[in-house]
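Chemist: Please find one structure pasted underneath; my questions will follow.
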Amino acid sequence: MKQYLMYPVAKLRLRISSFREDARGSLSMETVLVFPLLMWAYIAMFIYFDAFRVQSTNLKAAYAVSDLLSREAVVNQDYIDGMNQVFDYLIASSDPTWLRVTFVRWDDNDEEYKVIWSHSTRGKPVHTNATINSANVVNKIPEMPVGDRAIIVETHMTYQPIFNVGLGQLSLDNFIVTRPRRGPQLQWSNI
């Protein structure tokens, strides 16, 4: 009687060991297990490369806008809005952007920056003497001689990757300081 009971157990052990040693179909199983990881890695590399490309293009466009402003003598709100359109064109993105231009001078008597004028696009608040001299802004402005003036161009773009690979939405902000090239003053016109 014991011999009949041992036979199914021995047969089961034999089948399990032969299944464990059988290598047929292992390549297809490895492919099924690894392929999703390979696809995720490929898509993640594409997304990270695209984010660095967008960041680089964003910075170059901000410098271009700053350079255009530094060559002007008089600007107005239409000009600033047009510069935002130029920025949008240069970055070639449909993501939301804004632009803020502030003209400042260094006042040695008060030892702080004074805002001559500040204007922005798309509802962004403008700078005041208090905000331009706040710790997070004043540290970005280089030291200037007494009475020297500078154009500060700030740009913002929100970058949303097309696939979620752990990167998430990025805020690409630039802060460019440029001296005016056409004399000491960039004038604001209400016309």
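Chemist: Suppose we filter segment 130-158 for residues that are small (Gly, Ala, Ser) and surrounded by 18 or more Cβ atoms within 10 Å (Cβ to Cβ); how many remain? Steps first, answer last, please.
Modeler: If we filter segment 130-158 for residues that are small (Gly, Ala, Ser), which is where we start, we get 130, 134-135, 147, 150.
Add one more test, that the residue is surrounded by 18 or more Cβ atoms within 10 Å (Cβ to Cβ), and what stays is 150.
Count: 1.
Chemist: Kindly check whether there is at least one residue in segment 38-60 that is closer than 30 Å to Ser189 by Cα and touching a residue at least 60 places away in the same chain (Cβ under 8 Å). If you could, list the steps in order and put the result at the bottom.
Modeler: Residues of segment 38-60 closer than 30 Å to Ser189 by Cα: 58-60.
With the extra rule that they be touching a residue at least 60 places away in the same chain (Cβ under 8 Å), the set shrinks to 58-59.
Looking for residues that are closer than 30 Å to Ser189 by Cα and touching a residue at least 60 places away in the same chain (Cβ under 8 Å), one finds at least one in segment 38-60, hence yes.
Chemist: Related question: Do you know which residues across segment 73-93 are of a type in the set (Phe, Trp, Tyr) and within 18 Å of the chain's Cα centre (by Cα)? Step through it out loud before you land on a result.
Modeler: Kept after step one, since they are of a type in the set (Phe, Trp, Tyr), are these residues of segment 73-93: 79, 87, 89.
Residues satisfying the conditions are Phe87, Tyr89.
Chemist: Among the residues that make up segment 159-177, is at least one of them more than 30 Å from Ala44 (Cα to Cα) and surrounded by 15 or more Cβ atoms within 10 Å (Cβ to Cβ)? Steps first, answer last, please.
Modeler: Just the residues of segment 159-177 that are more than 30 Å from Ala44 (Cα to Cα), to begin with: 176-177.
Pick out the ones that are also surrounded by 15 or more Cβ atoms within 10 Å (Cβ to Cβ) and you get 176-177.
Yes, the conditions are met somewhere in segment 159-177.
Chemist: So the check is Cβ under 7 Å with 6+ separation or different chains; which pairs have a first residue in segment 69-89 that's over 19 Å from Val126 (Cα atoms) and a second one that's part of a helix (DSSP H, G or I) and modelled with pLDDT of 95 or more?
Modeler: Sorted first by the residue in segment 69-89, then by its partner, the pairs are Val86/Val65.
Chemist: While we're on this one: Any idea which residue in segment 117-129 is surrounded by the fewest Cβ atoms within 10 Å (Cβ to Cβ), counting only those that are closer than 20 Å to Asn76 by Cα and without any contact (Cβ under 8 Å) to a residue 40 or more places away in the chain?
Modeler: If we take residues in segment 117-129 being closer than 20 Å to Asn76 by Cα and without any contact (Cβ under 8 Å) to a residue 40 or more places away in the chain, then Gly123 is surrounded by the fewest Cβ atoms within 10 Å (Cβ to Cβ).
Chemist: Being at pLDDT 95 or above and either buried (at least 20 other Cβ atoms within 10 Å of the Cβ) or out of contact with any strand residue (DSSP E or B) (no Cβ under 8 Å at 6 or more places or on another chain) (or both) is the filter here, so list the residues in segment 98-112 that pass it.
Modeler: Within segment 98-112, Leu99, Arg100, Val101, Thr102, Phe103, Val104 meet the criteria.
The values are calculated or read from the model by the stated rules, or taken from the named source; none is laboratory data. Predicted model only: the values in this text are computed from it and were never measured. So basically every Cβ, Gly included, is an ideal-geometry build from the backbone, and we count neighbours across all protein chains shown.
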